[in-house]
Structure formats: C-alpha cells, structure tokens
C-alpha cells in the first residue's frame, strides 16, 4: 500500500514548478549562440529584415543582418564584415559598436549603464559623439505577430551636443530571454526633442521565427 500525496502538497509542488519555469523564462543571463535561429522582423513602414545566427567560428558567434557580426562569448562585437566584404575590427562611424558589449548581462530590473560612441547622424551624415543611457525598467509580457513573450523592457536615451544645443531621442526595446534578442523596438516621439532625431531608425516587431538544421 502506498501513501498518496496530500492535495495541498501537490498544489504547492505544481506552483513551485510553474514559478521556477517563470523565473527561468525571465532569467537575464547571457544567451547561448543558437546556430540556425532566424528571426524575421517587420518595420512600421512595411519593410522586412532578418537576423540569422549563421555559425560558430571557434569562440565567436557569427550573426548576419545586412553585414556579418562576430561576437565573443561575452557578446562583445569583435569584428564586422560589411556587405562589400570589408572587415572592420576597430570602431568607426558606420559601425561604432565594434569593441562594445551588446548588452551587459545578466539583465535585471533597475540595472543601468552608459556608453559613448562616434556615429554618423541620420539627418546630415555628420560624425557625432553620442551619449547613450540605458535602463531596465520592468519585466513585461507582450504580444507581437510572432507570439507572446516574457521580456525585459529597456529604455534607451541617446543625446548629443554637436550643434551647441542638446538634442536627444528616447526609444524602448523589449528583450525576450527565451529568444536571446529583442521582439520589439519603439521610438517615443513624445519623450524626444523632435520628430527627426531617429527618422531613419524605424520601429519594428518580430514577425516569425524559424530554425534551420
């Protein structure tokens, strides 16, 4: 004869399992290099783009969008091969993030960080020094065309003083740990200095997910 598990303990076990799964989904640890993962996005103007994890080359994770990006195990961008086949290993205005860490994992609500980069302005293609401030605001469940995801909502404020007057823009990213990337980006004009600050940096949402073998 065996003793059955009292219902209150069974319920506690189920709740604990659900809680553990929820915590794991929301873990802000660095993602693995998921070779074969293909994320398809749509901008708010209808254009499409794809982010695909192509391969591993030693300790480097190779990701393609319009160019090939090579990240080390800490998600530092160590080099880029652009659409013309040119290799970039030092930061330059077209690729100011070379040498920078993509995100400072592990993520957690309340975490903040700052960077400074030399990039090219969208309006006049001038080279400008940009100050970037980031903060993880909350954990949010959001729905995009590809599905519903548990995410970290990240605020990004970028500013510069190139004209002698401070200009800034604010946008938000929703990072989904289960995918290891953003599922949505939204520029907030009401929090930005004017409508032209990020005029070529469109909002996007994740449309579909696929995995090649």
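The values are calculated or read from the model by the stated rules, or taken from the named source; none is laboratory data. Owing to the predicted nature of the structure, the values given are computational and were not obtained by experimental measurement. Using ideal geometry, Cβ is built from the backbone for each residue, glycine included, and neighbour counts are taken over all protein chains shown.
Testing residue 56 on (1) under 15 Å from the mean Cα position of the chain (by Cα); (2) modelled with pLDDT of 95 or more, one condition comes back false. Which one is that?
For residue 56, the failing item is (1).
Take the residues in segment 150-181 that are over 19 Å from the mean Cα position of the chain (by Cα) and either in contact (Cβ under 8 Å) with a residue 40 or more places away in the chain or outside any loop (DSSP other than H, G, I, E, B) (or both); name whichever of them is surrounded by the fewest Cβ atoms within 10 Å (Cβ to Cβ). So that I can check it myself, show each step before the final result.
To start, the set of residues in segment 150-181 that are over 19 Å from the mean Cα position of the chain (by Cα) comprises 159-168.
Next, from what is left, pick out any that are either in contact (Cβ under 8 Å) with a residue 40 or more places away in the chain or outside any loop (DSSP other than H, G, I, E, B) (or both): 159-160, 162, 167-168.
Numbers: 159: 16, 160: 19, 162: 14, 167: 18, 168: 17.
Ranking the qualifying residues of segment 150-181, first place goes to 162.
Exactly one of (1) touching a strand residue (DSSP E or B) at 6+ places or on another chain (Cβ under 7 Å); (2) on the phi > 0 side of the Ramachandran plot is unmet by residue 85. Its number?
The number of the failed condition is (1).
State all residues of segment 103-121 that are surrounded by fewer than 17 Cβ atoms within 10 Å (Cβ to Cβ) and in a strand (DSSP E or B); if no residue qualifies, say none.
Scanning segment 103-121 gives 112, 113, 114, 115, 116, 118, 120.
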